[in-house]
1. Determine whether residue 158 is part of a loop (DSSP other than H, G, I, E, B), of a type in the set (Val, Ile, Thr) and modelled with pLDDT under 95.
2. Failed condition for residue 156, given (1) under 23 Å from residue 50 (Cβ atoms); (2) buried (at least 18 other Cβ atoms within 10 Å of the Cβ), with all others met?
3. Please find, within segment 25-61, the residue that is surrounded by the most Cβ atoms within 10 Å (Cβ to Cβ) out of those that are outside any loop (DSSP other than H, G, I, E, B) and in contact (Cβ under 8 Å) with a residue 40 or more places away in the chain.
4. In segment 96-135, what count of residues is obtained for those that are charged (D, E, K, R) and either loosely packed, with under 15 Cβ neighbours inside 10 Å or more than 28 Å from residue 159 (Cα to Cα) (or both)?
5. Report, ordered by the first and then the second residue, all pairs with beta carbons closer than 7 Å, sequence separation of six or more or different chains, a first member in segment 97-110 that is aromatic (Phe, Trp, Tyr), and a second member that is not in a loop (DSSP other than H, G, I, E, B).
6. If residue 163 passes every condition in (1) open to solvent by 30 Å² or more (accessible area, probe 1.4 Å); (2) touching a residue at least 24 places away in the same chain (Cβ under 8 Å); (3) under 15 Å from residue 140 (Cβ atoms); (4) in a loop (DSSP other than H, G, I, E, B) but one, which one does it miss?
7. Looking at segment 106-151, which of its residues are farther than 18 Å from residue 197 by Cα, at pLDDT 95 or above and part of a loop (DSSP other than H, G, I, E, B)?
8. Given the structure, is residue 175 part of a strand (DSSP E or B), within 20 Å of the chain's Cα centre (by Cα), among the aliphatic types (A, V, I, L, M) and more than 16 Å from residue 133 (Cβ to Cβ)?
Amino acid sequence: MSRRRPGDRHARRGSALLDSWLEAVVATPGLTAHTDTGDARRVLLDDALRAVPLVRLENGPLVDVGSGGGTPGIPLAASLPSLDVTLLEAERRKCDFLESWTAELPNLRVVWGRAEEQRTEAYGIAVAKALAQPPTAAEWCLPLVREGGAAILWVGPTAELARVEAVAEQVAARVESVDGGLVVLRKLGPTPAGFPRRTGVARKRPLA
């Protein structure tokens, strides 16, 4: 008779939690445009989990910038229980939804605020999915990451990676890898003076 390993129990519990979270995201107005659970699973859950192998290579803690309904932060927190995950979200109503999951995930916390208002270099990893145009997302994420850490961005097939590279260079980073729409930006040094720029400036006046 085979014994079930603790890791198997954790995996089953994490899967059930993520199923519940996904159903709640679809059922809660204003969190996603996806009304079909299958589409939502593909875009919000399965796509988020593609980053697990990359995140495992880094040293935390992790911040999910502009977490919205919790992707990719909640799937990553459920899959990597030893990783401290912060969900950073500017809308109070969305934060209320996110905070309802912290009891289920002890490695999860929620911060209400904007990226430009946070302490710089506080994280080992920053992630962003559907946050903004990739150059803007890079500018928002990189100041939050300490030297040697990484920002991981989900980008679409039309993303102009040369613009992302140009922004990264101005914020002491470089594009380290691009694979399947996941771009890893490596922070090479301390955040330069002048970053982050004032709230809203990165969107209005992109660096590249």
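The values are calculated or read from the model by the stated rules, or taken from the named source; none is laboratory data. These figures come from a predicted structure and were not determined experimentally. Cβ: placed from backbone, ideal geometry, glycine included. Neighbour counts: every protein chain shown. Just the protein is used for accessible areas: all its heavy atoms, side chains included, with ligands, DNA and RNA removed. Shrake-Rupley method; radii C 1.70, N 1.55, O 1.52, S 1.80 Å.
1. When the stated conditions are applied, residue 158 passes them.
2. That leaves (2) as the condition not met.
3. 48
4. 6
5. 101/21; 101/74; 101/108
6. (4)
7. Once the filter is applied, which keeps residues that are farther than 18 Å from residue 197 by Cα, at pLDDT 95 or above and part of a loop (DSSP other than H, G, I, E, B), segment 106-151 yields 106, 107, 129.
8. no
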